[in-house]
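Single-structure report; data block below.
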Number of protein chains: 2
Amino acid sequence: MKIAILGTGTVGQTLAARFVGLGHEVMMGTRNVAETSARNTRDNYGGPSFVEWHAGNKQVKLGTFDQAAAFGEILFNVTQGHHTLRALQLAGEVNMNGKILVDVSNPLDFSKGMPPILIPELCNTNSLGEEIQRTFPGVKVVKALNTMWCGIMVNPGMISGGDHHAFICGNDEKAKSQVTKLLEQFGWKAENIIDLGDITAARGTEMLLPVWLRIMGKVGNGAFNLKVVK
Amino acid sequence: MKIAILGTGTVGQTLAARFVGLGHEVMMGTRNVAETSARNTRDNYGGPSFVEWHAGNKQVKLGTFDQAAAFGEILFNVTQGHHTLRALQLAGEVNMNGKILVDVSNPLDFSKGMPPILIPELCNTNSLGEEIQRTFPGVKVVKALNTMWCGIMVNPGMISGGDHHAFICGNDEKAKSQVTKLLEQFGWKAENIIDLGDITAARGTEMLLPVWLRIMGKVGNGAFNLKVVK
């Protein structure tokens, strides 16, 4: 399958490498290809620079947002939440219409310091997932994977035998079942993917971030996830 | 121990009955004792009316908010979030100062229909727990138990052998350890009570409510909880 990853940070790198490993064709999209190709600074978490990462993952194509959106049969949004709508405008509605956009991002606002808050206009009575769906009504937005560290997204079995939950929501049932199949390729068991309903459920999954960040502070790293027990 | 339960709804009834069963002395506080004593309508969930419930739980005293606050060595706030600050003003700062107030409530706003949102001024950059602590600086506010159905609060073993998590936060370490001991009386294992830090962590636990409500819709009832797996 041809998969577009919109965004080139750690989450995008993790998803791109995993999809290539599964035999998919992947193009990452960025605002400025020359700038991204030359990015040799390490991220905040000490991971490799884009240059280092890409040297080890040469099968991943790099293009502009609109090239990637045109390329992909299915799109993943992994841009930072406060850049997402601008990035998707650059990706181009015409390139995205009719396709599935998996929104993995969170509307984090770092402008007031740490820990981040959620962008107020995208919280409680709205969400990033809904805002994307409203802005691009022809795109099938599926909110997924935004409630965990990227290492767990692509390899749920790395903790507790994969016995924990991913949440998914969106307005298009067929789109959700296609995304579920992709998550199964990562190792998610179908019964551990909880469909919370339409895209307004993104409010709930995005509002998990503040407690997630607190739990991360307690655990000491991101290698944990939530499980619904009953 | 003398325990005050501020609020007379289902959560308050559940906590009061459990504490009496554990041998504590309990007084519930309400705005209008005569009105509460005569309340013979069932709640939204079909549970018993207050009259029916109290007939089966006669050891629970009923007083005004300020009588209960004066009576209790430790206080529980189980009023509805949009009434909490008014109820605590009635309880009286002088009756609460120096005591632990366990805040179990959530700032739910039903005024815009279902599902409820969080009260905007008590969400994201603030929380009900913080607002209580700010309004009553002499009270030791501990946010706890607000992330689950009351049946689970008092009997964690009813699901999955009690193998799931409660979150706790607050500015006073000693207060948190006393509340932890009370939760242990309910059956919580100390290692399943996660201390998320100071009272600002209440933002995170209160913001869990929207996804909790969605999960409840999916599960079909409140007999579930979250577990942090790693």
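A few points about this structure:
- The stretch A:133-230: radius of gyration over Cα atoms, expressed as a fraction of 2.2 N^0.38 Å: 1.08
- Drop in accessible area of at least 20 Å² in the complex versus isolated chain, residues of the stretch B:104-130, 1.4 Å probe: B:I117, B:C123, B:N124, B:T125
- Chain B: antiparallel DSSP beta bridges as a percent of all, rounded to 5: 15
- Max mean-square fluctuation residue, GNM over chain B, Cα-Cα springs under 10 Å, options B:A70, B:A55, B:A144: B:A55
- Around the amide H of A:I5, modelled in the peptide plane, lie the amide H atoms of A:M27, A:M28, A:G29, A:F76, all under 5 Å away and 5 or more residues distant in sequence or on another chain.
- In the stretch B:64-109, Cα pairs under 8 Å separated by at least six residues give a relative contact order of 53 percent.
- Sequence-separation-based contact order of chain B, relative, with Cα cut under 8 Å and 6+ spacing, percent: 17
- In chain A, the DSSP-assigned H stretches of four residues or longer account for a calculated mean residue ellipticity at 222 nm of -9500 deg cm²/dmol, using -39500 (n - 2.57) per stretch and the full residue count as denominator.
- Within the stretch B:215-230, the residues that become at least 40 Å² less accessible when every protein chain is included than when their own chain is isolated (1.4 Å probe; DNA, RNA and ligands ignored) are B:I215, B:K218, B:L226, B:K227, B:V228, B:V229, B:K230.
- Estimated buried accessible area (total), pair A and B, 1.4 Å, Å² to nearest 100: 2900
- Neighbour-limited loop hits for GluC sites (Glu not before Pro), the stretch A:22-80 (at most 15 other Cβ within 10 Å; DSSP other than H, G, I, E, B): A:E73
- Cut-off 13 Å between beta-carbons: net charge of the residues surrounding A:G197, Lys and Arg +1, Asp and Glu -1: 0
- Label 7 Å beyond Cα on the Cβ vector: B:V219 copy-to-copy distances, nm: 1.9
- The antiparallel fraction among DSSP beta bridges confined to the protein assembly as shown stands at about 25%.
- When each of A:K176/B:K227; A:K218/B:K181; A:K58/B:K227; B:K112/B:K174 is checked by Cα-Cα distance, pairs over 32 Å: A:K58/B:K227; B:K112/B:K174
- Solvent-accessible heavy-atom area per residue, rounded to whole Å², over the stretch A:27-104 at 1.4 Å: 51
- Prolate/oblate/rounded label for the protein assembly as shown (Cα gyration tensor, a/c 1.5): prolate
- Accessible surface of chain A, 1.4 Å probe: 52 percent of it comes from carbon and sulfur atoms.
- Distances from B:M1 to itself in the other copies, using label points 7 Å out along the Cα-Cβ axis, amount to 5.2 nm in increasing order.
- Position B:A34, label points 7 Å along Cα→Cβ, spacing to each other copy in nm (shortest first, one decimal): 8.3
- When only alpha carbons are used to place a centre, the stretch A:212-227 and the stretch A:98-135 end up 20 Å from one another.
- Charged neighbours of A:G217, selected by a Cβ distance under 14 Å, balance to +2 (K, R count +1; D, E count -1).
- Global geometry of chain B, whether rounded, prolate or oblate, following the gyration tensor of its Cα atoms and the 1.5 cut on a/c: rounded
The values are calculated or read from the model by the stated rules, or taken from the named source; none is laboratory data. For clarity, every value in this text was computed on a predicted model and none was experimentally measured. Positions of Cβ are backbone-derived with ideal geometry, glycine not excepted, and every protein chain shown enters the neighbour counts. Side chains included, ligands, DNA and RNA excluded: accessible areas come from the protein's heavy atoms. Shrake-Rupley method; radii C 1.70, N 1.55, O 1.52, S 1.80 Å.
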